[in-house]
């Protein structure tokens, strides 16, 4: 009798497991469908060749894709926290299912979701890859109670820090998708409901990622590292209060002083060190701290991450002006705009139309004005300068495959 009961128990457990696996399979398929739905919502000029058995971006620069692909091979695995163990978690499953309800609305959270999934130059998951590459390039000294990941040549704690970096950055971008709902802005009930629902998802999913990053960081039991990364989160928050803003907290250029010399670089650098450079720089600094390197070497890690992030941002700022699409809204505090304001502040008349909302700005007109000035060429030089500074710091590390991969990533950003 006991034997039959044991068999029955095994059968029940097997049946339950099969149901669980079936549900997981359905969820993964739904996530894949959602990815394709979001991809298909991308700009019409983007053609795809493969996703979910059908399509992927065909107009991406192969050099960038190759550089990232080769770098992932060096560290031994794809580095993104958006891995199977995260996609199969109940929390992410709920977020994915609720996010599908927003498809077709104008909530900014969808744009963030597309940026996460779309595998292009602006793919933020490459940040974790950079942290692991600098970890491997520097190597590690004798570290107590920390095992080395033999496949990647890095410490398990360094891989955890790479995931923490991505989660902090992603949670910040998700939180930035919150919409300031004011009376009369959304008169239609359906649109108001979409925006309210999107805000709830953005707030909860951003909090979930930030909470998990804090838990993983605390699990490393390194007080100095916790303090360092906490200051990076503080910098991200501070960046949202720098300069002028419209009612939706979209950035607007600050009014230049009478002596405009150095205005563009000073304002642009302040904004982007806080919003990007500090996080990547302190992550690179922190990963060297985990490996037991000296403070001097840690300072090199911070400089490398900061300059790489600034070069990356300058490259992204150039993208709308290189693509020749004047109708697409762009960041009004991007480097080409800031350089043009320093050259000719009269353009502020067009930009200040967006004091209530940046959507009121005639982007096509601003685009045409900027293309006639020195802003684009000066931004190219800015990107090149930060790339060169990152390369100079990189030369401190010994020759290795990881260092070469980082050099290739820098070179793939633009005309280095």
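Of all residues in region 287-322, which are out of contact with any strand residue (DSSP E or B) (no Cβ under 8 Å at 6 or more places or on another chain), assigned to a loop (DSSP other than H, G, I, E, B) and either on the phi > 0 side of the Ramachandran plot or touching a residue at least 24 places away in the same chain (Cβ under 8 Å) (or both)?
Those that are out of contact with any strand residue (DSSP E or B) (no Cβ under 8 Å at 6 or more places or on another chain), assigned to a loop (DSSP other than H, G, I, E, B) and either on the phi > 0 side of the Ramachandran plot or touching a residue at least 24 places away in the same chain (Cβ under 8 Å) (or both): 292, 293.
Taking the criterion of being part of a loop (DSSP other than H, G, I, E, B) and surrounded by fewer than 21 Cβ atoms within 10 Å (Cβ to Cβ), would at least one residue in region 344-352 satisfy it?
yes
Filter region 209-236 for residues that are free of Cβ contacts under 8 Å to residues at least 24 places away in the same chain and assigned to a helix (DSSP H, G or I) and give the result.
211, 214, 215, 218, 223, 226, 227, 230, 234, listed by residue number.
Give just the number: which of (1) buried (at least 20 other Cβ atoms within 10 Å of the Cβ); (2) closer than 16 Å to residue 380 by Cα; (3) at pLDDT below 95 does residue 310 not satisfy?
Against the list (1) buried (at least 20 other Cβ atoms within 10 Å of the Cβ); (2) closer than 16 Å to residue 380 by Cα; (3) at pLDDT below 95, residue 310 comes up short only on (3).
Only one residue in 243, 206 is at positive phi and either in contact (Cβ under 8 Å) with a residue 12 or more places away in the chain or surrounded by 19 or more Cβ atoms within 10 Å (Cβ to Cβ) (or both). Which one?
Answer to the check: 243.
The values are calculated or read from the model by the stated rules, or taken from the named source; none is laboratory data. Remember, it's a predicted structure, so these values are computed and weren't measured experimentally. Glycine also receives a Cβ, built like all others from the backbone with ideal geometry; neighbour counts cover every protein chain displayed.
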